[in-house]
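Some notes on the structure that comes next.
The values are calculated or read from the model by the stated rules, or taken from the named source; none is laboratory data. Please read these numbers as outputs of a predicted model, since none were measured by experiment. Cβ atoms come from the backbone with ideal geometry, glycine included; neighbour counts cover every protein chain shown.
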Amino acid sequence: PDRTEPFTATLIAGDGIGPEISEAVQKIFNAAGIPVSWEPVQVSALTGGVNTEVINSVEKNKIALKGPLATPIGTGHTSLNLALRKAFKLYANVRPSVSIPGYKTLYDNVDLTVIRENTEGEYSGIEHTVNPGLAESIKVITADASTRVAQYAFQYAHQHKRSTVSAIHKASIMKMTDGLFIDSCRKVAARWPHINYVEKSLDAAMLQLVQNPAQLDVMVLPNLYGDIVSDLCAGLIGGLGLTPSANIGRDAAIFEAVHGTAPDIAGQNKANPTALLLSGVMMLRHLGFYTKADLIHEATMATIREGKSITGDLGGKAGTSEYTDAIISRLQQEM
Ligand code: NAD
């Protein structure tokens, strides 16, 4: 049964086009009758430092929608993204890549979900130079983190009525680390008998993804492979601009668009809010508002399919606000 109780969500509008696309999502949620109170918090990665206001807000609400943040040049990851990942033990990064009707790409019916382990693996940060011609990096895999992400992958597959979870690995070479990863996945799989479980070597999976993406469904991967494969899957549906994502944690879940702040079009009513909107749809499903999530998803897809009021990046002429209004009129027809 669908959830109906109201909830409060932290809203990090972000930089650049962030405020415009967040406003679009708020308007659409409002039109769909989502019982949400937004708690906006001001953060800008440009001002740097860890912001206690945002940490406190997410800690209280356990749920956040986040627009893109500008990254100060030369520092790589924003400190806020790292602070959030640490503070809320965001262990799984989830990226669905679903074909957008009317947006022509090589394949029409892509429907893939990458679930990436987000705390360890090759990104543990344990690296050293042994001597000037020799550097080493240590990949850490634990049964705990592997089990946790596998558990989430099966729960996701169950909730989203998906048939198969594939664990993607390179255990033929990394016998101990990837071996432990798939061993953990296999143990979790045994507890979900109604969902098929497949183990696939990374190289074979990549060949299948580019030749016929319908051969894969939900994938669970160690950190580095997940990072790479999620971008490959986004490429299959037309790039990062339309891709939503979720960061699932022990203590909170944060939903965000994969694209950046698009400074070239900021403040011009040109931005496409779809990725942030679909991140919001993931948030609704995560909270149990399945019917409302489907309603918004359908209205968005129908608007794009029709092609009359779409933004410039999709080949249309509409502004952010016209596109938003077109989705709202669709919603109103369907409600
Ligand atoms: P970008 O994603 O902001 O822009 C790349 C291109 O895609 C631009 O031409 C832009 O106009 C277009 N684009 C992106 N999103 C769009 C949308 N919703 N609608 C229409 N067009 C869109 O990437 P970039 O230029 O490399 O990065 C700009 C800034 O964003 C940098 O400071 C970067 O660090 C930051 N960034 C933040 C995040 C995040 O917070 N999650 C992610 C990526 C980049």
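Out of (1) in a helix (DSSP H, G or I); (2) in contact with a Gly (Cβ under 9 Å, 6 or more places away or on another chain); (3) modelled with pLDDT under 95; (4) closer than 30 Å to ALA145 by Cβ, the odd one out for GLY260 is which?
All conditions pass for GLY260, except number (1).
Would you pick out the residues in segment 11-43 that are part of a helix (DSSP H, G or I), within 12 Å of the ligand (Cβ to nearest atom) and touching a strand residue (DSSP E or B) at 6+ places or on another chain (Cβ under 9 Å)? It would help to see each step written out before you state the result.
We begin by selecting, within segment 11-43, every residue part of a helix (DSSP H, G or I); these are 18-31.
So of that shortlist, the ones also within 12 Å of the ligand (Cβ to nearest atom) come out as 18, 20-22, 24-25.
Once the filter is applied, which keeps residues that are part of a helix (DSSP H, G or I), within 12 Å of the ligand (Cβ to nearest atom) and touching a strand residue (DSSP E or B) at 6+ places or on another chain (Cβ under 9 Å), segment 11-43 yields GLY18, ILE21, SER22, VAL25.
Taking the conditions exactly as written (part of a helix (DSSP H, G or I), away from the ligand (no atom under 16 Å from the Cβ) and either touching a residue at least 60 places away in the same chain (Cβ under 8 Å) or surrounded by fewer than 17 Cβ atoms within 10 Å (Cβ to Cβ) (or both)), does SER329 satisfy them or not? Don't jump to the end; show me each part of the working.
On the way: part of a helix (DSSP H, G or I): yes; away from the ligand (no atom under 16 Å from the Cβ): yes; either touching a residue at least 60 places away in the same chain (Cβ under 8 Å) or surrounded by fewer than 17 Cβ atoms within 10 Å (Cβ to Cβ) (or both): yes.
So SER329 passes the test.
Could you check how many residues of segment 95-133 are surrounded by 15 or more Cβ atoms within 10 Å (Cβ to Cβ), among the basic types (Lys, Arg) and not in a strand (DSSP E or B)?
So the answer is 0.
From the list ALA246, ALA214, which one is in contact (Cβ under 8 Å) with a residue 60 or more places away in the chain and either touching a Lys or Arg at 6+ places or on another chain (Cβ under 7 Å) or not in a strand (DSSP E or B) (or both)? Steps first, please.
Working: ALA246 fails: either touching a Lys or Arg at 6+ places or on another chain (Cβ under 7 Å) or not in a strand (DSSP E or B) (or both).
Criteria check complete, one pass: ALA214.
I need every pair where a residue in segment 258-269 that is over 15 Å from THR71 (Cα atoms) has its Cβ under 9 Å from the Cβ of a residue that is outside any loop (DSSP other than H, G, I, E, B) and near the ligand (Cβ under 6 Å from one of its atoms), sequence separation at least 6 or different chains.
ILE265/ASP313
Among the residues of segment 243-301, what is the count of those that are buried (at least 23 other Cβ atoms within 10 Å of the Cβ), within 11 Å of the ligand (Cβ to nearest atom) and over 25 Å from ALA153 (Cα atoms)?
Final tally of qualifying residues: 3.
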